[in-house]
Structures are given as C-alpha cells and as structure tokens.
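Quick notes on the structure that follows.
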Ligand code: ADP
Ligand code: MG
C-alpha cells in the first residue's frame, strides 16, 4: 500500500470515529434533556411537587427547595419573627424593614386589590382568624364581632416603600399574603430555573400549576382542572406552555356549620362572610403566577359578571369559571387549548364586548 492510500485510510477512520462520537454525544444529550428530575416537599401548609428536565436538574431542585423554605420563612403569618409577623406586631408606628420579596409582593397584592375594587384585601386576617380559618378551629362568629373586626380591614392603609424596602401598617391591622403567596413562589422558582438554563419544568404548588416552557419534546403541558363538585374528578384539561394555571375553589378549605351550611375560606371583604357570588371555582391562566393567584381569589369574590368585565378590561389573562348551578364558562383564549371532561359542557366567553355566548363545546 502506498503512502497516499495509507493516509486516506487513516483519515477515513478518523472521520468515522468523529461522526460516531458526535452521534453518541447528541443522543446522550437528548436523553439527558428528556430526563425528569423530581422533588416533593411539604411547605407553606401544602404539598409541592416539582418536576424539572435536563442537565443539572437535581441541583436546580435543591435550589428551588431552599428558595421555598426562604419564602416560607418570610411570609409565614404565624412564624414569630417572619417579615409578615413583624409587620403585624410593630413595636411602634415606625416603618418595618422587610425583604424585597415581601415588599414587592405586598405592592403587587395592593395593585390587584385596587384593580378588583377591594375584592382582594390582604388585611382580612383578623376576620379570617375569627372564623378559625387560620387554625382549623372553625366556628361561625357573632355578626357583631365580624362588624367590629371589619373596622380593621382596609388594604389601602398598608404603605409599602419599594425604594427603602419598608412597610407601614396602622396599629391593630394585620396582613396575610396567603391569597398570593403560592403564585409568587411559582414566579420565583421559574425565574430561578430560567437563570440556570432550564427550559422545561412543571411545578405543582398545592394544586396551583406553574409551567416553564413546554414538555421536553416540545408538546404543551396538560393540566387537569378539578371538578369543584367532585374534586377527585376533573372537569377538563388545559394545554399550556409557559403559563401559570391557578384555581381558587370553595371546596379547597371549608367547614360545615351547626346550621348545616358550608362555609369556605375565601371571604368577601365587604361583609366578612364567605364569598357568596354564585361561583364555586375560578381558574386563572396567565404569564404571572402572582397575578393569577391574586385574581383567582378576587374573581371568586366578585362573581361571574364582574369577572367577565375585568377580563375584557385587563386583556392579559384567561379564565375558567364554574357556577353553583353547574355552569362552566371559559374565555375565548382557552377555546383551542381546553378539552372538556365527560358530562361537562363549556360556554365560551368572548373577549370582545359583544353580549351573550358565542359557541358551545361539549365533553365526551
Ligand atoms: P388557596 O391558597 O387555598 O389555593 P387562594 O389563593 O384563593 O386559595 O387563597 C385563599 C386564602 O387567602 C385564604 O386561605 C385566606 O388566607 C386568604 N383570603 C381569603 N379571602 C381573601 C380575600 N378576599 N382577600 C385576600 N385574601 C383572602
Ligand atoms: Mg389566590
């Protein structure tokens, strides 16, 4: 064999080796990006179930768990020394220095309070406590005591300063960020994962779902929405990418009073009683977890008509409403990504101002 042939052979062998190596690397990388890493934990009085795909998933999940613990420590209303606890137990009328997380979260919650005409009110805590929703020792309070406690309810009096990161609350007022805490936590986790280069994750925060990107194969996530009348069943499935899907339901936490009636944990700040708006479940779908969380609670209080009005005004979220008489309503933007469950029939709420319902979608 001449020298030239030998060189040719060596070069071809090298090329084959290189190609094989590249193929191996690509298939390993594909396998790795398709690998799910999961973590379950109990925090903020609920179960978290996190699923992250791709390289470094295990480390990313550890960081997520640390972040959840950090936020839990800041937001706990009962944990002595937490930021929220210190706002509720001021030594004097001075501003309380808090973390940026708490200050910004309060600012967002107050904005949603304004947008929903006070249906979301983070100062309801004294009334929630009177009902026993903070401890689980439920009772129907005297009408007079609710009336007296409502004197202490007015979110407009809470003054965050997001330059100095301080909060001023009038004496006797107490805040509780339970209506927005999980949504905010979801936003923080998505930010953390994005910064680490994660492109595919699904986070279940006590039934509130936060998705990052699509599934690793590019297909949207499928998120089931519970049937509020039979929470073990689903009323349908939403297909979403990069969205928060957050539900407030009367079925989530309630007690049956001595009078045989059910009383749930979402109160109407207007009268201090469980919201009686005709809605039994509200799911909000959007880009921001904190906004979806705040809105789901507020729309539950506001009722269908006002919820539809706000939906058309805001234009940055979609929703799914269930009424106490068994009606299911979904907004136009969900029409192509919602699959109705068996026995359910959804009516579509148009985004525009045209009255009435445009079309119907039936479950099989
Ligand atoms: P969950 O946290 O059960 O998923 P929500 O996000 O709707 O449900 O939050 C309900 C919690 O918010 C209640 O447990 C209570 O602490 C608080 N809350 C109840 N009603 C209101 C309200 N109108 N405005 C602000 N917070 C509320
Ligand atoms: Mg909420």
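Quote the FRET efficiency, to the nearest 0.05, computed for residue 262 versus residue 59 with a Förster distance R0 of 51 Å and r equal to the Cβ-Cβ distance.
Numbers: r = 44 Å, r/R0 = 0.87.
Efficiency for this residue pair is about 0.70.
When DSSP beta bridges are restricted to pairs lying wholly in the stretch 228-364, around 85% turn out antiparallel.
For residue 233 and residue 38, a Förster radius of 25 Å and the Cβ-Cβ distance give a FRET efficiency of 0.50, rounded to the nearest 0.05.
Quick check for you: which residues of the stretch 322-336 have the amide N under 14 Å from the point 7 Å beyond the Cα of residue 345 toward its beta carbon? Label zone hits: 326-329.
Here the Debye sum runs over all C-alpha atoms of the stretch 194-247 as equal scatterers in vacuum, and log10 of I(q)/I(0) at q = 0.15, 0.24, 0.31 Å⁻¹ comes out as -0.44, -0.92, -1.23.
With kT/(6 pi eta Rh) evaluated at 4 °C and eta = 1.567 mPa s, and Rh the Kirkwood radius from Cα pairs, the stretch 138-224 diffuses with a coefficient of 77 µm²/s according to Stokes-Einstein.
Values of log10 I(q)/I(0) for the stretch 209-278 across q = 0.27 Å⁻¹ run -1.17, by the Debye formula with one identical scatterer at each alpha carbon and no solvent. Taking other C-beta atoms within 10 angstrom as a stand-in for reagent exposure, 152, 8 fall in the order 8, 152, fewest first. The label-point distance for residue 219 and residue 72, in a model that sets each label 7 Å from Cα toward Cβ, rounds to 3.4 nm.
If R0 is 45 Å, what FRET efficiency do you get for residue 49 and residue 171 from their C-beta distance, rounded to 0.05? Provide the component values of the computation, followed by the final result.
Numbers: r = 40 Å, r/R0 = 0.90.
Computed FRET efficiency for residue 49 and residue 171: 0.65.
Taking 7 Å steps out from each Cα toward its Cβ at residue 305 and residue 287 produces label points 3.3 nm apart.
Run the numbers for residue 314 and residue 142: contour at 0.36 nm per residue of separation, minus the present Cα-Cα distance, in nm.
Numbers: separation 172, 0.36 × 172 = 61.92 nm, distance 3.78 nm.
Length gained between residue 314 and residue 142: 58.1 nm.
Seen through its C-alpha gyration tensor, with square-root eigenvalues sorted a ≥ b ≥ c, the stretch 63-112 comes out oblate because a/c lies at 1.5 or above while a/b is not bigger than b/c.
Cβ crowding within 10 Å ranks 64, 103 as 103, 64, fewest other Cβ atoms first. When all alpha carbon pairs of the chain are counted in 20 Å bins from zero, the resulting P(r) reads 27, 51, 15, 5, 2, 0 %.
Whole number please: convex hull volume per residue, Cα atoms of the stretch 84-178, in Å³.
So the per-residue Cα hull volume is 100 Å³.
Over the C-alpha trace of the stretch 242-364, radius of gyration and Dmax come out as 14.6, 45 angstrom.
Averaging Cα coordinates gives a centre for the stretch 89-118 and one for the stretch 195-269; these two points are 26 Å apart.
A short reminder: the numbers here are calculations on the coordinates, not readings from a lab. Please read all numbers here as calculations on a predicted model, not as lab measurements. Please note: Cβ atoms are built from the backbone with ideal geometry, for glycine as well, and neighbour counts cover all protein chains shown.
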